[in-house]
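One structure is given here, and the rest of the page talks about it.
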Amino acid sequence: MAAYFQDYLLHLADNAVILGQRNAEWCGHGPVLEEDLALANNSLDLIGQARLLYQHVATVRKDGKSSEDLLAYFRDVPEFKNYTLLELPHSTALAPTTSGDRDYAVTIGRNFLYSALMVLVWEGLKASADAQLAAIASKSLKETQYHLRHAHDWLLRLGDGTDTSHAKMQAAINHLMPYTQEFFTPSAMETAVTKTGQGVDTGPLQAAWNAMVDEALTQATLTRPAPGGFVTTGKTGVHSEHLGFVLAEMQSLARAHPEAVW
Amino acid sequence: MQADATPSQANAASAALPDGPIALKKPNDAFYTTWSLLESVTDPEIPVVNLREMGILRAVRQTATGLEVVITPTYSGCPAMSQMQDDVVNALSRAGVAARVLTQIAPAWSTDWMTPEGREKLRAYGIAPPHPSGCGSPVANVIQFSSKRAAGGAELTVACPQCGSHNTTETSHFGSTACKALYRCLDCLEPFDYFKPY
């Protein structure tokens with residue numbers, strides 16, 4: 001049981017750190033200056049949330065060997081428990097590369113779908129049986145509301161915009177939506193922490209998430225693609241080919257200088 | 001991502017503290033001198049307001065192991081937090097006071113904890129102070145956020161800190177830091193920061 005709770009904390013932390021790393025790719029490359037700043041701030045919040053969660057894992061383990069740095073920089077792909085959605089490149093291409101053209105519609109679509117889930121998850125986790133996780137949830141909720149607001153506004157602006165922006169936003173939603181099935185597909189870890197009251201079951205949140213997503217897509221004149229497709233398994237450690245490249249960039253400096261202090 | 005020199009002990013500290021801000025600095029307080037010393041410690045990003053006015057400074061207390069100063073972090077990723085922690089320690093040690101700094105995350109910091117003089121200082125500095133933070137369900141808050149502009153009617157306006165006009169518009173949800181949004185005054189045409197409710 002204790003191991004499941006640690007995995008659950010890692011799942012929440014890895015979600016935040018991987019999306020934070022992805023969104024930070026826009027730093028210095030944003031479509032406009034304001035969006036460059038917005039995405040950098042969004043990443044900062046996410047990485048801050050990840051730090052609090054990793055620190056909590058290190059405290060819970062009490063092995064004296066864990067630290068936020070070791071957890072973020074010295075684990076490999078199968079040990080990461082983030083949703084596959086969050087490791088995807090900012091692209092709808094079937095075989096994209098990290099260095100390829102980034103598509104802002106994918107960035108906005110993913111931030112919207114994930115933030116819409118997380119406002120519900122953090123709200124639920126405010127009542128977690130684990131006091132520290134409840135405290136982290138209260139803080140993270142305030143930040144995630146701004147992330148959702150930002151992504152929601154741009155979803156509307158791009159969806160209900162020009163023919164080109166509409167087509168790109170629709171393509172992004174079509175590309176991303178199948179990955180959201182993972183949000184609501186139960187895993188052993190989530191079932192276990194729901195039982196202990198430490199985590200929240202995403203199943204009952206699905207109706208509220210659907211309502212938020214459908215309302216926003218309708219307002220944005222976008223169509224929700226038919227459900228179905230492969231259900232990804234990132235949260236169990238089985239990832240897409242993309243996570244390794246994210247980790248390579250994120251971890252290389254720390255691994256080149258282990259235990260460096262500055 | 002270096003671990004802080006002073007470990008966070010949120011759980012240990014939370015039991016002893018009330019839910020709201022503790023921006024007390026009374027002449028009869030046992031730690032009046034310490035509170036006064038800490039008046040000089042400001043937010044490195046907003047050097048006109050000190051930590052007490054920001055609602056970041058939560059408590060000063062004596063424990064078996066020495067003097068403790070409890071601060072509460074603002075945004076999870078705020079890069080200024082460790083600087084503020086160092087500044088507290090340095091301000092006290094310059095005065096010959098040894099103290100530990102504890103970081104407590106619950107209850108979560110809120111912009112509602114800013115003192116009235118802190119808000120006025122922000123405004124004078126050119127940053128519009130925050131409206132009260134939202135209450136109610138998170139979804140309702142988000143929907144309220146996004147429909148504010150669409151509905152147009154009952155919108156909470158942000159007054160321009162330069163000319164006081166309420167004829168202002170948001171140019172970006174995120175400004176130079178995560179805690180601020182970017183606004184522009186449509187009367188005096190000055191751009192300005194708005195400290196977002198948190």
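The values are calculated or read from the model by the stated rules, or taken from the named source; none is laboratory data. Predicted model only: the values in this text are computed from it and were never measured. Every residue, glycine among them, receives a Cβ derived from its backbone with ideal geometry; neighbour counts consider all protein chains shown.
For residues that are within 19 Å of A:THR59 (Cα to Cα) and acidic (Asp, Glu), tally how many sit in the stretch A:1-46.
Here the count works out to 2.
Give me a count of the residues in the stretch B:80-139 that are part of a helix (DSSP H, G or I) and of a type in the set (A, V, I, L, M, F, W, C).
Residues of the stretch B:80-139 part of a helix (DSSP H, G or I): B:81-94, B:111-113, B:116-125, B:138-139.
Pick out the ones that are also of a type in the set (A, V, I, L, M, F, W, C) and you get B:81, B:84, B:88-89, B:91-92, B:113, B:122, B:124, B:139.
Selection size over the stretch B:80-139: 10.
Restricting attention to the stretch B:86-125, which residues are out of contact with any Leu (no Cβ under 9 Å at 6 or more places or on another chain), closer than 25 Å to A:GLY20 by Cα and either β-branched (Val, Ile, Thr) or more than 14 Å from chain A (Cβ to nearest Cβ) (or both)?
Of everything in the stretch B:86-125, those that are out of contact with any Leu (no Cβ under 9 Å at 6 or more places or on another chain), closer than 25 Å to A:GLY20 by Cα and either β-branched (Val, Ile, Thr) or more than 14 Å from chain A (Cβ to nearest Cβ) (or both) turn out to be B:THR103, B:THR111.
Residue by residue through the stretch A:131-182, note down the ones that are within 14 Å of chain B (Cβ to nearest Cβ), of a type in the set (Asp, Glu) and surrounded by fewer than 21 Cβ atoms within 10 Å (Cβ to Cβ).
If the condition is that a residue be within 14 Å of chain B (Cβ to nearest Cβ), of a type in the set (Asp, Glu) and surrounded by fewer than 21 Cβ atoms within 10 Å (Cβ to Cβ), then A:ASP153, A:ASP160 are the ones that fit.
So, A:TYR4, is that one assigned to a helix (DSSP H, G or I), within 19 Å of the chain's Cα centre (by Cα), over 25 Å from B:ASP193 (Cα atoms) and of a type in the set (Ser, Thr, Tyr) or not?
No.
For residues in the stretch A:103-130 being in a helix (DSSP H, G or I) and over 14 Å from the mean Cα position of the chain (by Cα), which is nearest to the other protein chains (Cβ to nearest Cβ)?
The selected residue is A:GLU123.
Pick from the stretch A:202-235 the residues that are crowded, with 16+ Cβ neighbours inside 10 Å and not in a helix (DSSP H, G or I): which of them is nearest to the other protein chains (Cβ to nearest Cβ)?
A:ALA220
Could you list, in sequence order, all residues of the stretch B:157-191 that are away from every other protein chain (no Cβ under 14 Å) and buried (at least 20 other Cβ atoms within 10 Å of the Cβ)?
Applying the first criterion (away from every other protein chain (no Cβ under 14 Å)) to the stretch B:157-191 yields B:157-168, B:185-190.
Residues satisfying the conditions are B:VAL158, B:CYS160, B:PRO161, B:THR168, B:CYS185.
Looking at the stretch A:41-63 only, could you name the residues that are free of Cβ contacts under 8 Å to residues at least 60 places away in the same chain, more than 9 Å from chain B (Cβ to nearest Cβ) and either buried (at least 24 other Cβ atoms within 10 Å of the Cβ) or in a loop (DSSP other than H, G, I, E, B) (or both)?
If the condition is that a residue be free of Cβ contacts under 8 Å to residues at least 60 places away in the same chain, more than 9 Å from chain B (Cβ to nearest Cβ) and either buried (at least 24 other Cβ atoms within 10 Å of the Cβ) or in a loop (DSSP other than H, G, I, E, B) (or both), then A:LYS62, A:ASP63 are the ones that fit.
Per-residue answers, yes or no, for (1) more than 20 Å from B:SER82 (Cβ to Cβ); (2) modelled with pLDDT under 95:
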residue: A:LEU52; (1), (2): no, no
residue: A:GLY64; (1), (2): yes, yes
residue: A:ASP69; (1), (2): no, yes
residue: A:TYR73; (1), (2): no, no
residue: A:ASP76; (1), (2): yes, no
residue: A:ALA93; (1), (2): yes, yes
residue: A:SER99; (1), (2): yes, yes
residue: A:ARG102; (1), (2): yes, yes
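Mind listing whichever residues of the stretch B:163-190 are assigned to a strand (DSSP E or B) and in contact with a Cys (Cβ under 8 Å, 6 or more places away or on another chain)?
Taking the stretch B:163-190 and keeping what is assigned to a strand (DSSP E or B), we get B:168-172, B:180-185.
The answer is B:THR168, B:TYR183, B:CYS185.
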